[in-house]
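To start, the structure itself, in structure tokens.
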Amino acid sequence: MLAQFGICWVELVQGDITHQKTDAIVNAANEQLVGGGGVDGAIHRAAGPSLMLETKKQYPDGCPTGSAVVTAAGNLNARYVFHAVGPVWRGGIRKEANLLESAYQRCLELAVVNDCQSIAFPAISTGVYGYPSDLAADVSLSTVRDFVVTKQRPELVRFVLFDAGTLGAFSRVLESMTV
Ligand code: APR
């Protein structure tokens, strides 16, 4: 599914984010930046060991929840990886929505600062961190829409959703934004 907001496009696809060819690929990382399963594991495997070496060297203190840091992309078909740390879902009463919004916002700012015309996001926090997909879709897509409408960059924001359920949740929200 593809939607236009001003001069920018928001696209939803089902697939593996490590196969994307975009200027930036976003990783769903943890605060320690030590790697993990899910998207994090897949990105580090596909990118190769340089990614972990660079995060360790450049960010020895990790990255706080709600923020993101940038590295090169190793063997991935991208210029950068943005390592974003989404919140762990604790029932919605621990500012999870604000933290998820700010993780997306920071990635979009990094895209602009690093002159990226395209960026691929996974559904941050919706795996191990347990954020319900429909609620995450709401926060993620509103943050992206508001950013591209205001800044008119990046040109393409692609959400790469691993399973049909998550794609369905994001599609319903994006559709409701375009009617
Ligand atoms: N491509 C795209 N999406 C993927 C991929 C992939 N290769 N693998 C998993 N996903 C999906 C999951 O199905 C889920 O919808 O990405 C979403 C986010 O899931 P997680 O990777 O578990 O990320 P998150 O919930 O943010 O948890 C982060 O998990 O791997 C650890 O180190 C990571 O501790 C951190 C935590």
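Taking a ≥ b ≥ c as the square roots of the Cα gyration tensor eigenvalues, with a/c under 1.5 meaning rounded and otherwise prolate when a/b beats b/c, else oblate, which class fits region 1-93? Verdict is oblate for region 1-93.
The GNM of the chain, with springs linking C-alpha atoms under 10 angstrom apart, assigns the highest mean-square fluctuation among V26, V113, V148 to V113.
Figure note: W9, W89 ranked by solvent-accessible area, largest first, 1.4 Å probe, ligands and nucleic acids not counted: W9, W89.
Once backbone amide H atoms are built at 1.01 Å from N, C8 has no partners under 5 Å, excluding neighbours fewer than 5 places away on the same chain.
Comparing R153, R90, R145 in a Gaussian network model of the chain, where Cα atoms under 10 Å apart are tied by springs, the biggest mean-square fluctuation is seen for R90. The 3J(HN,Hα) values that the Karplus relation (6.51, -1.76, 1.60; θ = phi - 60°) gives for region 62-74 are, in residue order, x, 8, x, 4, x, 10, 7, 10, 10, 9, 5, 10, x Hz. Gly and Pro appear as x. Roughly what % of DSSP beta bridges within region 2-177 run antiparallel, to the nearest 5? In region 2-177, approximately 35 percent of DSSP beta bridges are antiparallel ones. Loop-located GluC sites (Glu not before Pro) in region 26-119 (DSSP state other than H, G, I, E, B) with a sparse environment of at most 15 neighbouring Cβ atoms within 10 Å: E31. Given a cut-off of under 8 Å on Cα pairs at least six residues apart, what relative contact order in percent is computed for region 1-140? In percent, rounded to a whole number, it is 27. Extension gain, I93-R172: 0.36 nm per intervening residue step, less the Cα-Cα distance, totals 26.0 nm.
Could you check which residue among R106, R94, R45 shows the biggest mean-square fluctuation in a GNM of the chain with a 10 Å Cα cutoff? The residue that fluctuates most here is R94. Between the residues A72, T143, A3, the greatest Cα displacement towards the positive end of the dipole of the chain, with unit charges on the Cβ of Lys, Arg, Asp and Glu, is found for A72.
The share of Cα pairs per 5 Å bin across the chain, counted from zero up to the longest distance, runs 1, 9, 19, 23, 23, 15, 7, 2, 0, 0 percent.
The values are calculated or read from the model by the stated rules, or taken from the named source; none is laboratory data. Please read these numbers as outputs of a predicted model, since none were measured by experiment. Quick reminder, even Gly has a Cβ in these numbers, built from the backbone with ideal geometry, and neighbours come from all protein chains shown. Calculation scope for accessible area: heavy atoms of the full protein, side chains included, ligands and nucleic acids excluded. Shrake-Rupley method; radii C 1.70, N 1.55, O 1.52, S 1.80 Å.
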